[in-house]
Amino acid sequence: MDRFLYLTFDGLSRGAVYAAFALALVLIWRAARIVNFAQGAMAVATAYAGYSVANATGSYWLGFLTAVVAGLLLGAVVERVVMRFVDHSSPLNGVVVALGLVLIIQGVLGMIYGNEFRPVEAPFSRDAFLIGGVALLSRYDLFVFAAVGAVVVLLTLLFTRTPTGLRMRAAAFAPDVSRLLGVPVGGMLTLGWALAAAVGSLAGMLVLPTELGLHPNAMDLLFISAFTAAVLGGLDSPVGAVVGGLVVGLVLAYVSGYFGATVAPMAVLFLLVAVLLTRPAGLFAKAKARTA
Amino acid sequence: MSTHVEQGLSLHDITVRFGGLVALEDVSLRVSPGRVVGVIGPNGAGKTTLFNVVCGFAVPQSGSITLDGKAFSPKPHQLARHGIARTLQGVGQFNGMTVLENVLVGVRHRGAGTAAAYEALERCGVADVADAYPASLPNARRKRVELARALASRPRILMLDEPAGGLDGAEIDWLAELIKAVDTTVLLVEHHMDLVMSVCDEILVLDFGKPIALGSPAEIRADDKVTEAYLGTAA
């Protein structure tokens with residue numbers, strides 16, 4: 001039972017990061033109807049930027065901030081320079097272009113930084129507190145929950161309480177009507193990509209201390225887990241992405257806890273295939289949103 | 001009067017072709033401030049194309065547009081900045097957003113926000129459904145929401161594309177009162193003759209893209225060419 005509790009909290013902590021990353025995928029899907037397969041690679045690139053700054057200044061937080069800001073910029077650049085020109089007549093076009101971006105980004109990072117793992121220290125202790133004799137949560141876990149919680153709250157406020165968020169939603173729903181109402185649709189799309197990439201970068205920075213270290217492929221498993229979470233949630237639903245992220249985190253924690261860590265990546269793929277076969281529209285997809 | 005700069009929106013000899021099809025041919029129209037100008041004609045006469053030209057959705061092969069005497073080449077996303085609002089035939093609302101949120105997208109005055117949106121909703125009698133989703137409302141209510149969204153931007157020129165389509169008599173009477181009371185210039189494309197005749201100061205009649213008559217409702221009613229275009233026989 002102790003082990004189960006420990007794994008549950010571990011899973012929720014991992015799941016929170018997957019949730020944030022899945023949220024970034026959902027943001028772009030809603031805005032542009034593209035699954036951003038390059039999001040893992042983009043997060044790695046910004047993590048290297050943060051890593052460099054953190055090393056140069058000795059400040060983890062400056063590095064963290066750099067990664068998030070670099071995410072904003074990289075997201076905007078990728079939309080303006082690449083994705084805007086993708087022909088949307090087939091969904092495959094966006095996927096192929098995104099995969100091309102992955103190859104370019106990972107290739108360039110390998111050339112600059114090499115392919116070795118560079119361990120990243122956590123800003124807070126990862127030793128779990130003992131609660132009732134069971135090791136449940138570390139300070140770092142609490143930081144992860146707080147950071148992801150803040151992202152969820154801020155995004156919710158942005159999209160429901162601010163004119164900019166409203167215009168972003170309007171531009172995504174019906175670009176032509178939005179233009180007539182004076183909404184700068186292109187700008188809203190750029191902003192959407194920038195925000196999504198920044199959230200992706202933040203999730204990337206959160207996951208790094210729990211992994212082997214920074215590496216051009218460091219976010220591959222994060223991407224697959226978050227993609228599974230987003231699909232589980234229906235791709236269209238931010239709430240679905242968060243719930244999906246937590247579910248995937250729990251599944252991964254239980255599988256690695258009871259069957260060994262090497263089985264975990266396979267478990268994610270198995271879950272992804274199972275969801276695609278049984279509930280391709282996800283658990284939370286709105287049929288209405290699909291036809292709109 | 002002629003010494004002043006010509007205020008309002010003017011179309012000069014507009015011609016639009018789609019491939020071999022002439023959608024508009026040498027159409028000129030002046031929409032002066034405060035006037036209600038109607039555009040009528042049988043199906044396929046080019047009424048909606050005319051609207052699309054003013055909105056920048058269709059680019060004319062020849063002719064020019066002026067706004068307050070200055071050359072104007074419309075772009076859809078700049079219309080609102082120029083004070084032009086347009087409703088759409090197909091009631092183009094954002095279904096995943098509430099009625100209030102739909103109207104808020106159209107509000108352009110900083111700080112006005114929710115108050116301006118409610119004002120427009122109340123004016124159109126749909127403030128009670130502010131938190132509903134447009135898809136859940138009957139057609140007539142959605143059309144009112146569409147109007148509210150256009151009014152919320154406080155436009156100088158309000159372009160209404162078949163606002164009476166699918167409405168019953170009482171709704172059309174309400175619409176006529178609103179158009180008469182609204183303190184902006186109105187450009188109206190409409191099939192419903194009674195509405196057009198009762199609210200317009202001036203009417204342009206198109207037939208196969210060509211202007212065949214321009215005048216007051218009384219003049220249009222008495223025009224033989226208009227009767228012929230509509231009934232297909234010489235009157």
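Per-residue mean of other chain beta-carbon atoms within 10 angstrom of the beta-carbon, peptide B:138-149?
Taking the mean over all residues of the peptide, I get 0.
Give me the distance between the Cα centres of segment A:35-76 and segment B:129-170, rounded to whole Å.
Rounded to whole Å, the Cα centres lie 46 Å apart.
Between segment A:165-232 and segment B:182-227, what's the alpha-carbon centroid distance in Å?
Computed from Cα coordinates, the inter-centre distance equals 50 Å.
Mark the label point 7 Å from the Cα of B:Arg17 along Cα→Cβ and return the residues of segment B:205-228 whose backbone N is within less than 18 Å of it.
Taking a point 7 Å out along Cα→Cβ of B:Arg17, the residues of segment B:205-228 whose backbone N falls under 18 Å are B:208-211.
Once you average over the residues of B:64-77, how many Cβ atoms of partner chains fall within 10 Å of each Cβ?
Counting other chains' Cβ atoms within 10 Å and averaging over B:64-77 gives 2.
For B:Tyr230, A:Tyr48, what's the fewest-to-most ordering of other Cβ within 10 Å of each Cβ?
B:Tyr230, A:Tyr48
So who's got an amide H within less than 5 Å of the one on B:Met159, skipping anything under 5 residues away but keeping other chains? H placed 1.01 Å off N, in plane.
Long-range HN contacts for B:Met159: B:Ala85, B:Arg86, B:Thr87, B:Leu187.
Test of understanding: ordering B:Asp223, A:Asp141 by Cβ neighbours within 10 Å, fewest first, what list do you get?
Neighbour counts put them in this order, fewest first: B:Asp223, A:Asp141.
Could you tell me how many degrees, from 0 to 90 and to the nearest 10, lie between the Cα long axis of helix A:220-233 and the main elongation axis, the longest principal axis, of the Cα atoms of chain A?
60
Using only the alpha carbon atoms of segment B:92-154, find the Kirkwood hydrodynamic radius as the inverse mean reciprocal pair distance, in angstroms to one decimal.
When all Cα pairs of segment B:92-154 are included, the Kirkwood radius is 11.0 Å.
What is the P(r) of the protein assembly as shown, as percent of Cα-Cα pairs per 10 Å bin from 0?
Reading upward from the zero bin: 4, 16, 22, 19, 14, 11, 8, 4, 1, 0.
Non-local amide H neighbours of B:Ala23 (under 5 Å, H modeled in plane, Pro and chain starts lacking H): which ones?
The answer is B:Val16, B:Arg17, B:Phe18.
For A:158-171, what's the mean count of beta carbons from other chains sitting within 10 Å of each residue's beta carbon?
Other-chain Cβ atoms within 10 Å of each residue's Cβ, averaged: 3.
Checking the table B:Lys47/B:Lys70; B:Lys75/B:Lys143; B:Lys70/B:Lys143; B:Lys180/B:Lys225 against a 31 Å threshold on Cα-Cα, which pairs fail?
Check vs 31 Å cut-off fails for B:Lys70/B:Lys143.
Could you run the Karplus curve 6.51 cos²θ - 1.76 cosθ + 1.60 with θ = phi - 60° over segment A:175-180 and give me ³J(HN,Hα) per residue in whole Hz, x for Gly and Pro?
Couplings: x, 5, 4, 4, 4, 4 Hz.
What does the highest-first list of A:209-220, A:234-245 look like by mean Cβ count within 10 Å?
Packing order, densest peptide first, comes out as A:234-245, A:209-220.
Calculate for chain A the 222 nm mean residue ellipticity that helices alone would give, adding -39,500 (n - 2.57) per DSSP H run of length 4 or more and normalising by residue count, nearest 500 deg cm²/dmol.
-24000 deg cm²/dmol
Counting each pair of different Cα atoms once, what's the Kirkwood radius of chain A in Å, rounded to one decimal?
Kirkwood hydrodynamic radius for chain A: 19.4 Å.
Can you tell me the 0 to 90 degree angle between the C-alpha axis of helix A:163-173 and the longest principal axis of chain A, rounded to 10?
Tilt relative to chain A: about 70 degrees.
Helix A:60-77 versus the longest principal axis of chain A: what is the Cα-based angle in degrees, 0 to 90, to the nearest 10?
Approximately 30 degrees, to the nearest ten.
Any idea what the relative contact order of segment A:91-190 is, in percent, if you count C-alpha pairs under 8 Å spaced at least 6 apart?
12
Rank by packing, highest mean first: peptides A:133-139, A:156-162, B:6-12, with packing defined as the count of other Cβ atoms within 10 Å averaged across residues.
By packing density, highest mean first, the sequence is B:6-12, A:133-139, A:156-162.
Using the scaling law 2.2 N^0.38 Å as the reference, what is the normalised Cα Rg of chain B?
1.02
No value in this document is a laboratory result; all are computed from the given coordinates. Since this is a predicted model, take the numbers as computed values, not measurements. With ideal geometry, Cβ positions are generated from the backbone for all residues, glycine too; neighbour counts draw on all protein chains shown.
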